[in-house]
Each structure stands twice: as structure tokens, then as C-alpha cells.
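The values are calculated or read from the model by the stated rules, or taken from the named source; none is laboratory data. Since we're looking at a predicted model, the values are computed, not measured. With ideal geometry, Cβ positions are generated from the backbone for all residues, glycine too; neighbour counts draw on all protein chains shown.
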């Protein structure tokens with residue numbers, strides 16, 4: 001290892017008085033100057049707390065032990081004032097969620113220039129000029145326009161680049177990036193990481209990259225540190241770490257990496273008894289879109305109409321999954337809204353069981369509302385914080401007056417069993433549940449109505465790799481058991497590959513390519529699909545990893 | 001899924017003003033109608049009040065003549081529509097007591113009241129903001145708990161008591177400001193301070209709880225990660241994000257401020273709308289009461305429009321939102 005690392009952490013512990021267990025129980029980490037160090041681990045391992053601790057931003061009341069040395073300075077002995085003068089100047093942070101990390105009421109340029117003003121490194125005008133350069137080098141081609149805009153005017157990828165510019169303003173020596181791309185689509189993700197790499201490598205800058213995706217780490221990092229339950233369990237050069245993983249946690253990470261997930265998942269449950277199984281050929285189209293277009297016309301004369309979806313043809317059969325992929329803004333969510341009759345088509349028709357959705361009224365509409373259900377991306381946000389899981393699952397039954405109290409209880413139990421929710425979780429509220437459990441509640445709430453069609457809008461994107469695998473497996477199992485049609489929307493190609501039978505690629509609201517999933521994703525005919533596939537982490541270097549046989553669930 | 005789009009802000013503002021002015025007409029008609037109904041429902045008769053002092057003999061012919069002159073002998077619907085028609089032209093009639101045009105009476109009384117309410121509003125917003133910001137910045141536990149109690153105190157102290165204490169201390173003991181009927185800035189200080197306290201309390205509480213919640217926002221963490229000081233984080237990042245609900249509430253307190261003006265103007269012996277209302281109510285001076293009600297209604301409409309316009313400057317996300325169902 002290099003002589004003296006820029007950052008050296010030994011036995012770092014973080015705990016809160018009164019908390020059951022410590023968040024960090026013994027983290028060791030060395031970050032050599034100029035290197036990129038990946039901090040890996042499942043959710044709850046303490047990765048984010050580690051980043052916050054290095055930055056010195058732990059909430060008041062946190063008890064910190066162990067040693068942190070930054071360029072020979074003992075961080076653990078500095079007072080708040082000295083830590084503050086390091087922050088943003090020498091130790092910068094790129095936070096996880098770009099949607100909320102920028103101040104909504106300040107223009108982007110002001111926020112980028114801020115670190116320079118805080119540390120007295122430039123005057124107002126000079127800082128504003130420098131902000132434009134920073135935005136440009138962070139990969140935003142039109143910095144003058146971007147600088148004058150507000151966060152809500154920018155796409156997720158642009159916001160993340162703006163945050164990179166914010167963090168790098170004062171030319172810090174250490175950059176802490178906490179899952180910097182988990183909230184953006186694959187194409188933007190590759191771009192953001194490229195831009196991040198270009199502003200760190202060759203500048204002698206050290207990057208600590210937190211991720212749960214080991215494929216991404218192999219591509220981007222030199223060193224890897226694996227955390228589990230608050231302590232370092234394994235560390236070393238990243239490729240060696242991935243190729244010869246010692247610790248079970250590291251092996252699980254390798255197994256869950258997107259590039260090792262290439263095959264369509266098979267249901268774990270037995271297929272339906274042959275007597276009730278249907279011939280695929282005789283099953284009609286559950287959902288059909290016929291040359292559908294949606295144009296949004298914002299109020300106010302000077303707004304341009306937005307063509308969200310343009311002449312899309314698509315269909316979903318019973319028991320099959322249509323995967324919809326595309327960058328953010330491609331029209332994926334509008335497609336979901338169309339299928340649920342939340343948005344009327346400007347042109348074309350949407351048919352459910354051969355009935356035009358536009359013509360549904362009264363009881364026919366209520367029947368449709370029962371048969372088509374939505375599974376949300378952010379399960380936690382989709383649950384009422386005041387309702388227990390059981391009440392949330394029962395709610396659609398109450399809303400559609402489909403069952404009396406006793407029947408409701410039975411059907412809630414059935415739905416919970418179907419998604420593998422133990423009875424004990426039904427009395428809990430969302431904040432007492434894990435991300436995976438919340439997603440199961442949302443799924444159970446959709447299934448309790450015994451629907452025919454599920455619209456899944458990024459159902460697993462907010463979860464870490466291991467939970468993601470569980471939820472996807474669950475979706476496949478439930479589909480086989482209930483013969484459901486899925487419209488599965490995702491920017492995560494690996495996830496689509498695992499669940500979809502057919503794939504539809506959207507770009508700027510138009511269908512670019514459509515066909516059998518394996519064909520489209522393995523041999524893309526269109527250049528745009530190729531770009532999407534190549535942007536998937538782990539695709540470019542495609543390292544040969546030993547396949548560890550880690551089961552994804554009960555057998 | 002959100003379809004909110006941002007864009008041209010001056011367009012948004014002109015649309016907002018246009019829509020509001022249209023609805024203002026309806027609201028104003030409602031206000032004057034209620035005022036008309038209320039003055040006629042209040043027990044008591046203006047003619048009796050004008051002619052005699054309780055129980056004295058009143059000549060029926062004289063009473064009838066006066067009633068006819070004041071047009072109080074017409075049917076209620078007649079009176080109502082005649083009143084609406086002239087009010088639409090900006091004419092609220094003449095005072096029963098003095099015979100002066102109501103508009104002139106209001107024009108004479110309004111400036112004193114408006115400057116008092118305006119000063120109270122400004123003072124309240126400043127004091128409230130100062131309390132909220134200070135409570136976020138201080139490390140002292142003692143100061144923190146004092147600042148947490150102050151807003152409740154400010155809201156619950158009755159105006160007549162505050163006025164008496166302030167007068168006792170600043171006028172009689174220290175002689176800094178005139179006690180009664182003072183004019184100009186110096187005469188404005190004590191009554192404005194008295195009236196500002198409830199507003200200050202509301203602003204302080206709403207802002208303080210907003211700032212407390214903002215502490216956990218990601219953008220605050222990001223600002224701290226840039227090395228921003230506590231003061232910078234609060235002033236530059238948190239305050240503007242939390243100001244909106246406080247501004248809305250401040251706008252709604254204007255109504256109660258004008259109500260409080262009645263009490264305050266009486267205690268401090270100041271001329272103004274408050275005093276005008278009191279004397280008119282006592283005399284059952286219908287035209288004046290109705291006129292004042294219309295003016296107050298119009299003021300409230302204007303204030304809420306101003307608040308909404310202010311929003312478009314403070315929060316870039318306030319735009320016309322397009323929703324499809």
C-alpha cells in the first residue's frame with residue numbers, strides 16, 4: 001500500500017445514546033491520495049453514516065470513537081469550527097438524492113458558487129464566472145442557462161451534475177460520493193460517473209464512492225472496502241476483492257451485481273395444475289394501446305405543448321410481462337397513467353379486455369379500477385404513515401365495498417401470505433417496516449383486489465440489490481400463481497431482463513424497438529437500445545467473475 | 001407523476017391578478033350584503049337614537065318625516081338594491097349623524113388606521129422573525145426556552161393590558177413617548193407595538209417550527225457540507241424555504257389587526273376607523289357601518305392578492321400547474 005494515505009480511519013465507532021445498537025462498530029479504511037475507494041455493503045451496513053462521519057456532519061448527540069486522520073491531521077481531535085473550515089474546502093460531499101439536496105428556492109449558479117464565497121476564495125462576480133466553468137466541466141453543456149435555473153427545472157441527471165459542480169467548487173482533495181447515481185437512469189448514470197471520473201482522476205483528487213453495486217465499483221474504483229453491520233469485513237484492491245471474495249457478505253454482493261443477473265427469473269412455486277393452465281395462444285390481449293398519443297398543453301400562452309407519448313402501439317397478454325424501458329422523460333410514466341385511465345389519450349385508443357377505456361362509466365369503470373392495479377416506485381411514500389400495514393392492504397376492499405369485515409380480514413391474510421408478509425408485520429406502520437417489507441405491503445394492497453393487470457412503475461429501483469432480487473422474484477412467483485399481466489416500467493435493464501417476456505423501448509415518447517426481451521436486449525437492432533444496454537454498469541468491462549451460487553430465496 | 005411545468009413568471013402573475021380581480025367583485029358583493037343584513041338585524045333604531053334620549057316624548061309626525069328623509073320607510077329589498085346600486089358607483093350615502101358623505105368620513109379616518117395596522121404588521125413580522133431565527137441560532141438552553149415561550153405569551157396577552165403596561169412604563173415613568181393622542185411616528189410606536197404582538201407570536205411559532213423541520217432537509221445538510229456557518233444555513237437556506245406559511249398567516253392576521261385597531265385606538269385616544277366604527281355602531285349609523293365594512297373587505301382581498309404575488313417571487317416553484325384527469 002502507498003506510503004501515507006490521504007485518509008486513514010481506524011476503529012471508527014458511531015452510536016447514539018439510548019439507541020439499541022451502535023451504527024458503526026469498527027470501521028477501518030485507507031484512501032490513498034488520488035485513488036478511488038469504493039465503500040460497499042448491503043443497506044443498513046452503515047455506509048452513509050461513515051460518509052457523514054468523515055464530513056463531520058453527524059447529528060448532535062452522536063458518540064464518535066476511533067481515529068480519523070486526514071493528510072496527517074487528526075480529524076477526531078478538531079473542534080466544530082475547524083471541521084467546518086475543512087468542509088467544502090478540502091473534504092466535499094456529493095449527497096445521494098439529487099432531487100432534495102439542492103435548495104429549491106435558489107438558482108443553480110448561486111448554489112455552485114457558494115462554497116467559494118463561504119471559504120473566501122473568490123468575490124461575488126469571480127465566483128459566478130467560476131460556477132459556469134464548474135457546471136461545464138461537470139458535463140452541463142449550456143452552463144449560462146443552467147446557472148439561472150432552479151432545481152425543479154432540471155432533470156435528475158442534470159441535478160446530479162449540478163451537485164458534482166457544487167462539491168468540486170473549492171477544488172477539494174477528498175470527495176465523498178454517497179450512491180451518487182442511484183436515483184438516475186442508466187444512461188445518465190454512466191454519464192454522471194464519467195464526468196465525476198474526469199474531474200477526479202488525474203487531479204490527484206481522492207474519491208470515496210459509496211455503492212451497493214459491486215459491478216459499478218469494479219468499473220470505477222481502485223480499492224474496495226466492504227462494510228457489514230457497522231464494521232469493515234473485507235478490503236483490498238477491488239478486482240481481487242470481487243474475484244476472490246472471502247466474506248459471505250462480499251459474495252452476496254457479487255452474486256447480486258446486475259451483470260450477473262441476465263436470465264429471466266423462473267417462478268419458484270409450481271406452475272398451476274395442468275387442468276387449469278391455459279394455452280398461451282388462446283389468451284387474449286388484456287391491455288392494448290392503439291396508436292396512442294398524449295400531448296400535454298400547459299396553461300399559459302407561452303408554454304410549448306409537450307408530446308409525452310407519440311403513436312404508441314403495445315399490448316399486454318394475461319400471464320406475460322411487457323417491459324418498458326427508456327431514459328427519464330421518455331414517456332414511461334405517461335404510459336402507466338394511460339393504462340390506468342388516469343390520463344386520456346389525445347389520439348388513439350386504450351383497450352382493456354377489448355373495451356375502450358374512454359367509454360367506461362359507472363360499474364364498468366369500477367370493475368376496471370378493481371382489475372388494473374398500480375405498484376409504486378417509492379413504496380414508503382405510497383403508504384399512509386398513519387395506517388398499519390393491515391389497514392393499508394384492506395383499504396381498496398373498503399373503498400370498492402367488496403367485502404364485509406370478516407371477509408376483508410381473510411382476504412388481507414391471503415394477500416399477505418401471497419407476498420410473504422408475516423402476520424406480525426400487519427400491525428406495524430410504514431416507518432417500522434424495512435424498504436422490502438413496504439414494497440410487499442404495496443404489492444399485497446394491489447393483489448387483494450384480485451386484479452388481472454399490474455402496472456409496476458420502477459417497483460424495485462429504490463431498494464438495494466439483495467432486496468431488489470427478492471421483490472423481482474416475488475413478482476415472478478405471483479404472476480405465475482395468479483396468471484397476471486404485467487406492464488413493468490424500469491430504467492434498470494438488468495431488472496427488465498429478469499422479469500420481462502417482451503420489451504418496448506421508448507425514446508422521446510416514441511417506440512424505438514419492440515420485441516422478445518432476450519432478442520431486444522441481447523441483439524439490439526436500434527442504436528438507442530444499444531446505448532441503453534451499454535450504459536448498464538458492468539457491461540463495458542464485463543469482468544469475469546466467478547459465479548457464487550447464492551440462493552435468492554426459500555427453496 | 002407530476003405535470004407541473006415552469007416558465008414565464010410575469011404571465012403567471014398577470015393571470016393571477018386577472019382571476020383574483022374577477023372573484024373580488026363577487027366577494028365584495030357578499031361582504032356588503034352581510035354588512036347590510038347585520039346592521040338591520042342589530043336591535044335598536046337609528047331614528048329613535050337621533051330624536052330622543054330614552055323615554056322622552058317623540059312627535060310621531062317628526063319621526064315619520066325623519067324616517068322618510070333617511071329612506072328607512074321603504075321596504076328592505078328596496079333599501080338593499082338602492083344601496084347596492086349606489087355602492088357600485090362608489091357612493092355609500094351620507095352619515096345619519098353628521099350628514100357628511102360616508103366616503104369622506106372613511107377617507108379622513110383610514111390613513112391613521114392603515115398606518116397603525118401597517119406599522120403593527122411590519123413590527124410583528126420583524127419581531128416574530130427575530131425570535132424564530134434567534135431560537136434556531138442560540139446554543140443557550142435558557143435563552144432557547146425563553147424564546148419558545150415568548151410567542152405563546154405574545155399571542156395570549158390581551159391588548160388592553162399590554163397597552164396599559166406600555167403606557168405606564170414608557171410614557172408615565174420614562175416619558176419617552178406621548179401617552180395619548182400623539183401624532184407622527186412617536187405617537188405610533190406604543191399602539192403599533194401593542195397591536196403587533198399577536199402577529200409576532202404567530203410568525204415566530206410558524207417560522208420556528210418550520211425552521212426546526214428544515215434542519216433535517218437534505219439541502220441543509222448539503223449547505224453544511226459546503227462549510228456554511230450556522231447563521232448562513234439559517235438565513236440563506238432555511239428561512240426562505242420556511243417563510244411561505246408564515247407569510248400566509250401574516251396576511252390572514254390583517255383582519256384581526258383591523259379588529260384590534262378598535263380597542264387600541266380607543267385606549268390610546270387615536271382617531272381612525274376603529275373609533276369611527278364604535279361611534280357609528282352606537283348611533284346605528286347604517287351608511288357608515290356598511291361603508292367601513294366594504295372598505296375592510298376590499299383591503300382583505302388586496303392583502304391576499306399581494307401575499308400570492310409575493311409567493312411567485314419567493315418560491316420559483318409557484319407556477320400554473322396543469323393537471324389531467
Out of A:148, A:99, which single residue is under 16 Å from residue B:220 (Cα atoms) and surrounded by fewer than 17 Cβ atoms within 10 Å (Cβ to Cβ)? A:99
On the given criteria, is residue A:107 within 19 Å of the chain's Cα centre (by Cα), farther than 28 Å from residue A:71 by Cα and within 14 Å of chain B (Cβ to nearest Cβ)? no
Could you grab me the full set of residues in segment B:7-50 that are part of a loop (DSSP other than H, G, I, E, B) and within 14 Å of chain A (Cβ to nearest Cβ)? B:7, B:8
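Counting only residues that are within 7 Å of chain B (Cβ to nearest Cβ) and either within 16 Å of residue A:179 (Cα to Cα) or part of a strand (DSSP E or B) (or both), how many does segment A:80-91 have?
Summing the residues that are within 7 Å of chain B (Cβ to nearest Cβ) and either within 16 Å of residue A:179 (Cα to Cα) or part of a strand (DSSP E or B) (or both) in segment A:80-91 gives 1.
Looking only at strands (runs of 3 or more DSSP E) that lie completely in segment A:157-232, which have at least 2 residues being under 19 Å from residue A:32 (Cβ atoms) and away from chain B (no Cβ under 14 Å)?
Values: elements: A:174-178, A:206-210, A:223-228.
Qualifying strands (runs of 3 or more DSSP E): A:206-210, A:223-228.
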Using the structure shown, decide if residue B:239 is out of contact with any strand residue (DSSP E or B) (no Cβ under 6 Å at 6 or more places or on another chain), away from chain A (no Cβ under 13 Å) and in a helix (DSSP H, G or I). no
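Tell me yes or no: at least one residue of segment B:184-207 is more than 14 Å from chain A (Cβ to nearest Cβ), under 30 Å from residue A:98 (Cα atoms) and touching a residue at least 40 places away in the same chain (Cβ under 8 Å).
Pass one, segment B:184-207, residues more than 14 Å from chain A (Cβ to nearest Cβ): B:184-207.
Going one step further and asking which of them are under 30 Å from residue A:98 (Cα atoms), we end up with B:206-207.
Cutting the leftovers down to touching a residue at least 40 places away in the same chain (Cβ under 8 Å) gives us B:206-207.
The answer is yes; a qualifying residue exists.
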What are the residue pairs meeting all of these: first residue in segment B:289-318, first residue over 19 Å from residue B:20 (Cα atoms), second residue part of a loop (DSSP other than H, G, I, E, B) and modelled with pLDDT of 85 or more, Cβ atoms under 7 Å, and 6 or more apart or on different chains? B:290/B:92; B:291/B:92; B:314/A:105; B:315/A:105; B:316/A:105; B:316/A:150; B:317/A:104
Using the structure shown, decide if residue A:460 is in contact with a helix residue (DSSP H, G or I) (Cβ under 6 Å, 6 or more places away or on another chain), in a helix (DSSP H, G or I) and within 30 Å of residue A:531 (Cα to Cα). no
On the given criteria, is residue A:211 at pLDDT below 85 and not assigned by TED's automatic domain parsing to the domain that holds residue A:325? no
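Output the residues belonging to segment A:394-411 that are farther than 20 Å from residue A:366 by Cα and touching a residue at least 24 places away in the same chain (Cβ under 8 Å). Please lay out each step first, then the result.
The initial filter retains those residues of segment A:394-411 that are farther than 20 Å from residue A:366 by Cα, namely A:405-406, A:409-410.
Residues satisfying the conditions do not exist here.
Condition check ((1) assigned to a helix (DSSP H, G or I); (2) in contact with a strand residue (DSSP E or B) (Cβ under 9 Å, 6 or more places away or on another chain); (3) buried (at least 17 other Cβ atoms within 10 Å of the Cβ); (4) modelled with pLDDT under 85) across all residues:
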position: B:98; (1), (2), (3), (4): no, no, no, no
position: B:113; (1), (2), (3), (4): yes, no, yes, no
position: B:118; (1), (2), (3), (4): yes, no, no, no
position: B:127; (1), (2), (3), (4): yes, no, yes, no
position: B:136; (1), (2), (3), (4): yes, no, yes, no
position: B:154; (1), (2), (3), (4): yes, no, yes, no
position: B:165; (1), (2), (3), (4): yes, no, no, no
position: B:182; (1), (2), (3), (4): no, no, yes, yes
position: B:185; (1), (2), (3), (4): yes, no, no, yes
